[in-house]
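Please read the structure below before turning to the comments.
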Amino acid sequence: MLTRRHIIASALAAPAVFRFGTGTAHAATTLKISHQFPGGTIDKGDFRDRLCRIFAAEVAKRSGGEIAAEVYPNSSLIKTNAQFSAMRKGALDISLYPMPYAGGELPETNIGLMPGLVATYDQGLRWKNAPVGKALSDFLADNGIILLTWVWQAGGVASRSRPIVAPDDAKGLKVRGGSREMDVVLKTAGASVLSMPSNEIYAAMQSGACDAGITSSTSLISFRLAEVAKSLTSGAGASYWFMLEPLMMSKAIFDRLPKKQQDIILTVGSELEAFGRKGAQDDDIEVAKVYEKAGAKVSTLDVATVSKWRDIARDTAWKDYSAKTAMSANLLKLASDVPA
């Protein structure tokens, strides 16, 4: 188990950068990790960036410097929406990537943000060892992606005007939902929908092009949406919005590595799941404090309200997704069997 002391020690002990060498007995492999979130340090900042930095430090330590990794935050290496395709092609090594962003390329990945399907962190993390986890991992591997770290995040709503709590509250507003399936639900509720990655919500809300954005608690904080929002609906107590944002690796790159290095990467990735869960849950609590301090009105969701969103989703988005492909139907069925 990785402890904070262990993590910091690993970071200090790990070499900063290793590159491929020629004619060297121990030429090191450098993996490039890209993500869209704000950068920080190994112990401060957005936990998703920190997770990537911890991963880099730990694989360097355990491999004796044979593996190293460089972290590129803020989509500074590859633009947000291009990262998944780049991994599939072997042009990018690793990304911490919101899975439904890949829905335009592989519609089956929208299972990673199916409104109302995941109700708790426990339920989401049970996917890994349940039949749905194997089916999803196998499907991704067949399409060039290895899942390293399962990270789930609950979400909330930042709004420039009135709070969006119940479905009726969304009527007439322009809302960013985060996935095709969430957009289906929002349209049914009477909203207009906008498609963009979470790092573009701030500018859209600032300009008035977007009235409200639904995203993870961490992104609600890290992208400073409190500066442009008058209302927050927190998902800390209950939420219909859970997104799968795993650390993923190109299978083409993974397959080129010696088994010893593959084992280190898989082990470290799995061990970081506890860190990911704690980071997400801590931000579920912290987000309300941030918005209250900024003067925003903070609302919460209860089980009855979440059920209203789920009922809409079951009759619209779930059916729409299930009809896409045979794999979509299978994934939805298997995921529905995982208890909350």
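The values are calculated or read from the model by the stated rules, or taken from the named source; none is laboratory data. Small disclaimer: the values here were computed from a predicted structure and weren't measured. Glycine gets a Cβ as well: all are built from the backbone with ideal geometry, and neighbour counts include every protein chain shown. What goes into the accessible areas is simple: the full protein's heavy atoms, side chains included, and nothing from ligands, DNA or RNA. Shrake-Rupley method; radii C 1.70, N 1.55, O 1.52, S 1.80 Å.
Details
- Of all accessible heavy-atom area on the chain, the percent that carbon and sulfur account for (1.4 Å): 52 percent
- Cut-off under 5 Å, modelled amide H: who pairs with THR215 long-range: GLY156, ALA158
- Cα gyration tensor shape of region 153-236, rounded if a/c is under 1.5, else prolate or oblate by comparing a/b with b/c: rounded
- Entry comment: accessible area of the chain is 40 Å² per residue, from protein heavy atoms only and a probe of 1.4 Å.
- Region 242-340 shape via C-alpha gyration tensor axes, a/c threshold 1.5: oblate
- Listed by chain and number, the aspartates and glutamates whose alpha-carbon sits under 17 Å from that of LYS278, ignoring those within fewer than 8 places in the same chain, are ASP43, ASP46, ASP49, ASP122, GLU245, GLU286.
- Folded to 0 to 90 degrees: helix 131-142 orientation relative to the chain principal axis, Cα: 60 degrees
- J(HN,Hα) series, region 290-302, from Karplus relation 6.51 cos²θ - 1.76 cosθ + 1.60, nearest Hz, glycine and proline x: 4, 6, 4, 5, 7, x, 7, 7, 10, 10, 10, 9, 10
- DSSP-defined beta bridges in the chain - what % are antiparallel, rounded to 5: 50 percent
- Partner aspartates and glutamates for LYS174 [C-alpha distance under 19 Å; skip if fewer than 8 residues away on the same chain]: ASP183, GLU200, ASP211, GLU227
- Diffusion of the chain by Stokes-Einstein, at 20 °C in a medium of 1.002 mPa s and with Rh set to the Kirkwood radius over alpha-carbon pairs, works out to 106 µm²/s.
- Of all lysines in the structure, those lying under 26 Å Cα to Cα from LYS333, and not within fewer than 8 positions of it along the same chain, are LYS128, LYS134, LYS187, LYS308, LYS319, LYS324.
- Taking amide H atoms as placed 1.01 Å from N in the peptide plane, the amide H of GLY39 lies under 5 Å from those of ASN74, each 5 or more residues away in sequence or on another chain.
- Spatial offset of region 227-293 relative to region 125-185 amounts to 12 Å, using the alpha carbon center of each.
- Computed helical MRE - 222 nm, the chain, DSSP H runs ≥ 4 contributing -39500 (n - 2.57), nearest 500: -12500 deg cm²/dmol
- Once backbone amide H atoms are built at 1.01 Å from N, THR30 has PHE20, ALA68 as its partners under 5 Å, excluding neighbours fewer than 5 places away on the same chain.
- Whole-Hz ³J(HN,Hα) from phi, Karplus 6.51 cos²θ - 1.76 cosθ + 1.60, for region 243-255, glycine and proline x: 10, 8, 10, x, 7, 10, 9, 4, 5, 4, 6, 4, 5
- 13 Å beta-carbon shell around GLY237, net charge (K/R +1, D/E -1): -2
- Each residue of region 145-160 was assigned a 3J(HN,Hα) from its phi angle through the Karplus curve 6.51 cos²θ - 1.76 cosθ + 1.60 (θ = phi - 60°); the sequence is 10, 10, 7, 9, 9, 7, 10, 10, 9, 6, x, x, 10, 9, 10, 6 Hz, with glycine and proline shown as x.
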